[in-house]
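Asker: Have a look at this one.
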Amino acid sequence: MSLFPFGMPVPKEEIIDREDFLMSVKNRLLMGQNLVLAGPRRIGKTSLALELLRQLKDEGYYTVFVDMFRLSGKNMFSKVLVDACLGNRTKITNTLEQVKQNFLHSSKLSLKLKGLELSLTRSNKTVSDDELFDYALNLTEKLAQADKKKLIVVFDEFQEIERIAGENSLKVIRAHIQLHTHVNYLFMGSQTSMMKTIFSNQNQAFYRFAISLPVPPIPPEAMAQYITKKFTEQDIEILPEAIRMILDITGGHPQDTMLVCSESYQALVDDKRKTLNIEHVFLGRDRAFAFLSQGFNEIIESIDPVAKTLLLRIARAESLYSKGNHPNTIKRTLDQLMDKGIIQKIERGKYDFVEPMFKGYFSL
Ligand SMILES: Nc1ncnc2c1ncn2[C@@H]1O[C@H](COP(=O)(O)OP(=O)(O)OP(=O)(O)O)[C@@H](O)[C@H]1O
Ligand SMILES: [Mg+2]
């Protein structure tokens, strides 16, 4: 792992300033609430969830984590969920395959399945995807009850559910899990508008099923402290103005800050110095932009000319309304840019980029 990790969920020691938020999420789940955490890409949702589950597991609770990005169908979803449930008992994987192949005599496996009525997958009977889906969705509660444990389930990237399990799946899931008394659910997602539709739209099955919590921004002081600590551990002094510059460039965006720190550190190493100054940060910033530019360009290519104009105006803090475009067109385009997670509303009529470095790139 690089000194400043990025691009994947980070381990506990590298998670900056999430203790209070994590504690509150944990307490709510244990008190019996179902929660939604939706937030833009790369702000640390998965890191937070994994740390939450590590803590819960240490405290003796049962846990399940399902990353929905990786799944391609209902059958796969069900199998992954069953495996994740049973993983709380033993470490055997691919349970359903093993059951099918009649390894059920194995004592470990029968222990794993005790009290869970897995007979439906046994013998010659073929099980439909829908049956398996129902079984998997109920297994959470069945397992928790059988073992007298509380179980916390995290569905990461939950907005993928309809792609994976079909249009009707939200209704089916809701019908099952609303009856669960030993299990609580944390639904997470990076497509904020889709998550909002699922949980706040009156016509949706999940309307008001879970409480939505915003992921709080990381305070700049906490970021600065972490950065200082990491460099100090390497016997490197970092000038206060260099830290300020890093946070100025990234706007405190968690992953971008890690990236600029990492590249600034590289610039310092190449320079064979022991004090990190602003010059290193500028080099780090340029390298970070080089790294990020492909993704930024893809976004820019995917949006229409009106959207580009609006982004440019937002980047330059200019008025969004002009003679050339009808106000309705502007409103619609702004909504689309918000749906895509590119901009967010700051206050009435005022918008800003979600990722400050994308704003910086746009104004270059
Ligand atoms: N609290 C944090 N402390 C340190 N780094 C963080 C934090 N939050 C996010 N990061 C940075 O963001 C990167 C991505 O973290 P993670 O995968 O947890 O985010 P995510 O919101 O789940 O992202 P995605 O939308 O891609 O699923 C990490 O590798 C790290 O560089
Ligand atoms: Mg994630």
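Asker: Using only Cα atoms, find the angle between the long axis of helix 327-339 and the longest principal axis of the chain, and express it within 0 to 90 degrees, rounded to the nearest 10.
Answerer: Around 60 degrees separate the two axes.
Asker: Quick check: net charge around residue 199, other residues with Cβ under 13 Å of its Cβ, Lys/Arg +1 and Asp/Glu -1?
Answerer: Net of charged neighbours comes to +3.
Asker: With the cut-off at 29 Å, tell me which of the pairs 74/308; 45/350; 74/149; 74/150; 171/345; 79/150 have Cα atoms farther apart than that.
Answerer: Violating the 29 Å limit, Cα to Cα: 74/308; 171/345.
Asker: Express in whole angstrom the spacing between the alpha-carbon centres of the range 168-200 and the range 1-27.
Answerer: The range 168-200 and the range 1-27 have Cα centres spaced 24 Å from each other.
Asker: In nanometres, what is the gap between the two model label sites at residue 211 and residue 348, each 7 Å from Cα along Cα-to-Cβ?
Answerer: Between residue 211 and residue 348, the label points sit 2.9 nm apart.
Asker: Per residue, what accessible area does the chain have, given a 1.4 Å probe and all protein chains present, in Å²?
Answerer: Accessible surface, normalised per residue, equals 51 Å².
Asker: Just the projected area, averaged over all directions, of the convex hull on the alpha carbon atoms of the range 220-362: how many nm²?
Answerer: Result: a mean projected hull area of 9.2 nm².
Asker: Now for a separate question. Which angle between 0 and 90 degrees, to the nearest 10, do you get for helix 129-146 versus the longest principal axis of the chain when only C-alpha atoms count?
Answerer: Tilt relative to the chain: about 90 degrees.
Asker: Taking amide H atoms as placed 1.01 Å from N in the peptide plane, list the residues 5 or more away in sequence, or in a different chain, whose amide H sits under 5 Å from that of residue 276.
Answerer: It is 237, 238, 239, by chain and number.
Asker: Pairing the Cα long axis of helix 45-58 with the longest principal axis of the chain, what angle in degrees results, from 0 to 90 and rounded to the nearest 10?
Answerer: The answer is roughly 40 degrees.
Asker: Rounded to the nearest 5, what is the percent of antiparallel bridges among the DSSP beta bridges in the chain?
Answerer: Numbers: 4 of 25 bridges.
The antiparallel proportion sits near 15 percent.
Asker: Okay, moving on. Using only alpha carbon pairs under 8 Å that are at least six residues apart, calculate the relative contact order of the chain and give it in whole percent.
Answerer: That works out to 19 percent.
Asker: Round to a whole number: what % of the accessible area of the range 238-287 belongs to carbon and sulfur, probe 1.4 Å?
Answerer: Values: 1140 of 2290 Å².
Whole-percent figure for carbon plus sulfur exposure: 50.
Asker: Using each residue's phi in the range 271-285, evaluate 6.51 cos²θ - 1.76 cosθ + 1.60 at θ = phi - 60° and report the 3J(HN,Hα) Karplus result to the nearest Hz, with x for Gly and Pro.
Answerer: In residue order, the calculated couplings are 7, 6, 10, 10, 10, 8, 10, 4, 4, 4, 5, 5, 4, x, 4 Hz.
The values are calculated or read from the model by the stated rules, or taken from the named source; none is laboratory data. This is a predicted model, so every value here is computed, not measured. Neighbour counts run over all protein chains shown; Cβ positions are idealised from the backbone, glycine included. Surface accessibility is based on the protein's heavy atoms, side chains included, excluding ligands, DNA and RNA. Shrake-Rupley method; radii C 1.70, N 1.55, O 1.52, S 1.80 Å.
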